[in-house]
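The values are calculated or read from the model by the stated rules, or taken from the named source; none is laboratory data. The structure displayed is predicted, hence computed values, not measured ones. Counting neighbours? That spans all protein chains shown, and the Cβs are built from the backbone with ideal geometry, glycine included. Keep in mind that these areas ignore ligands, DNA and RNA; they rest on the heavy atoms of the full protein, side chains included. Shrake-Rupley method; radii C 1.70, N 1.55, O 1.52, S 1.80 Å.
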Amino acid sequence: MSMAGSVPLVGKSQLRQLEQSRRSQRSAARKSSRVLNAVEAPPAPTRTPASTGAVKHPMTMTEKILARHSNNQKVAPGENIWTNVDKLMTHDVCGPPTFGIFQREFGMNAEVWDNEKIILIPDHYIFTEDPRANRNVDFLREMAHRYRIKYFYDIQNRADFHANPDYKGVCHVALAQEGHTKPGEVLFGTDSHTCNAGAFGQFATGIGNTDAGFIVGTGKLLIKVPPTMRFVLEGEMPPYLLAKDLILQIIGEISVAGGTYKAMEFTGSAISNMSMEERMTICNMVVEAGGKNGVCPPDQVTFDYVDQRSSEPYEPVLSDDNASYVEEYRFDVSKIEPLVAAPHSPDNRKTAHECSSTKIDRVYIGSCTGGKTEDFQRAAQLMHKAGGQVKVPTFLVPATQKVWADVYTLPVAGSCLGGPKDTFARLNEPQICVSTTNRNFPGRMGHKDGQVYLASPYTAAASALAGTVADPRNYL
């Protein structure tokens, strides 16, 4: 999307040069920011902010994207703006009320703002006999037909998984795999983990049904520009550590309220050396810290992933060197240990070793956070190296059909969000579970007295072999 009066854009070739320069030299000066060293990394060398040229109004990535999409030269935290929307995603839980609100407010004869920018993904309560859940999918199908929605990933035959070539799976992973997530764009979704897409260098956040209904009719939304927190992750990732450990470290550091209505920007050599799926894990859980959105600087890894899945143009941006951050945290990832979030909060950070005496009843590997292809590859890697058999029931739940095709042979849907009682792997008893999901509040995976330990795929696999919460270093 190109708009008159927007901020200057950076071409992909220029962006690559800037990124290479910034890896070796990053300005330590941050106007109006408070720097907190959580796990201390070597100090970054100072430099003058010349790589983006003379910038009259320095902005963060989030601010640049919102400025461009609101036809402003600049925006600042706290300003209320009307932003244009590139894409809206909704699913079987929130899609029916979203369209209901749209029809009530705009009229039964109104047309949607753009039938190629609304994405409908049934994904929450699919493989269940619950009639209300099934009716939600039927309603989405009716809306897709009525408004000629181009991107509706339908499932019609729940008894024969292979009879649904259009069905994808978990919305946040499917959005990326189908080429809907692009640098520099604005994506809203009726799911709190829409922030997952910030890994691609875009503004992506969850919204309610009322806001979504308004977007369906107008393609715009009134939002407040969030201030940005910056997280610099440097150092070499140890072979036993994954992105899930890093985001649990960060949430444990700032708490589940520490990022409330803030953009959380992740940068540093540890981020630039990550795959897109690992960056998605990081951004997926910013909402567990209260964050408005998460974002990673786009680079060649981003471009390669996107270009393989979409031919549509996009316009990436980077933060200016002298942009203002409300807080800055620095971590040396080489010093972080394998972590879990113990019941019943994502910020209840403990090392896996601390919890090694905790006996468990099951392990769950799946969800939008921990059900991607690489997540299963990591779990399989540990299990293969360790040998032996799992000691507790272990549920493997691929996030999408593509992931299933990559690593698994059994068509199932999973219970990151409880669901009807016949949902696969739902906690129907007060059991203890190690899970690669993103939330461990009471009742999140089913039974209100269940206890969930959030962990990386490595730690989950190690725990399956041990029958207790386990440190993956004992197996790798």
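Here's the yes/no breakdown for (1) free of Cβ contacts under 8 Å to residues at least 40 places away in the same chain; (2) open to solvent by 40 Å² or more (accessible area, probe 1.4 Å); (3) over 24 Å from Asp211 (Cα atoms):
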{"site": "Ile101", "(1), (2), (3)": "no, no, no"}
{"site": "Glu105", "(1), (2), (3)": "no, yes, no"}
{"site": "Tyr125", "(1), (2), (3)": "no, yes, no"}
{"site": "Asn134", "(1), (2), (3)": "yes, no, yes"}
{"site": "Tyr151", "(1), (2), (3)": "yes, yes, no"}
Among Leu222, Leu246, the single one that is surrounded by fewer than 20 Cβ atoms within 10 Å (Cβ to Cβ) and either within 15 Å of the chain's Cα centre (by Cα) or in a strand (DSSP E or B) (or both) is Leu222
For the condition surrounded by fewer than 17 Cβ atoms within 10 Å (Cβ to Cβ), touching a residue at least 24 places away in the same chain (Cβ under 8 Å) and under 19 Å from Ala243 (Cβ atoms), what is the one hit in Ala380, Ala352? Ala380
Pairs returned, first residue in the range 437-458 that is within 20 Å of Glu278 (Cβ to Cβ), second residue that is buried (at least 22 other Cβ atoms within 10 Å of the Cβ) and modelled with pLDDT under 75, beta-carbon separation under 6 angstrom, 6 or more apart or interchain, are Thr437/Cys416
In the range 169-211, which residue that is within 20 Å of Tyr153 (Cα to Cα) and among the charged types (D, E, K, R) is surrounded by the most Cβ atoms within 10 Å (Cβ to Cβ)? Lys182
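Out of the range 440-476, which residues are polar (S, T, N, Q) and either buried (at least 22 other Cβ atoms within 10 Å of the Cβ) or part of a helix (DSSP H, G or I) (or both)?
Asn440, Ser456, Thr459, Ser463, Asn474
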Helices (runs of 4 or more DSSP H) wholly in the range 324-434 with at least 2 residues that are under 30 Å from Met264 (Cβ atoms) and modelled with pLDDT of 95 or more - which ones? 367-370, 373-386
Can you tell which of Thr260, Thr228, Thr218 is touching a strand residue (DSSP E or B) at 6+ places or on another chain (Cβ under 6 Å) and among the hydroxyl-bearing types (Ser, Thr, Tyr)? Thr228
Flag if Ile271 is in contact with a Lys or Arg (Cβ under 7 Å, 6 or more places away or on another chain) and outside the structural domain of Cys368 (by TED's automatic domain parsing): yes
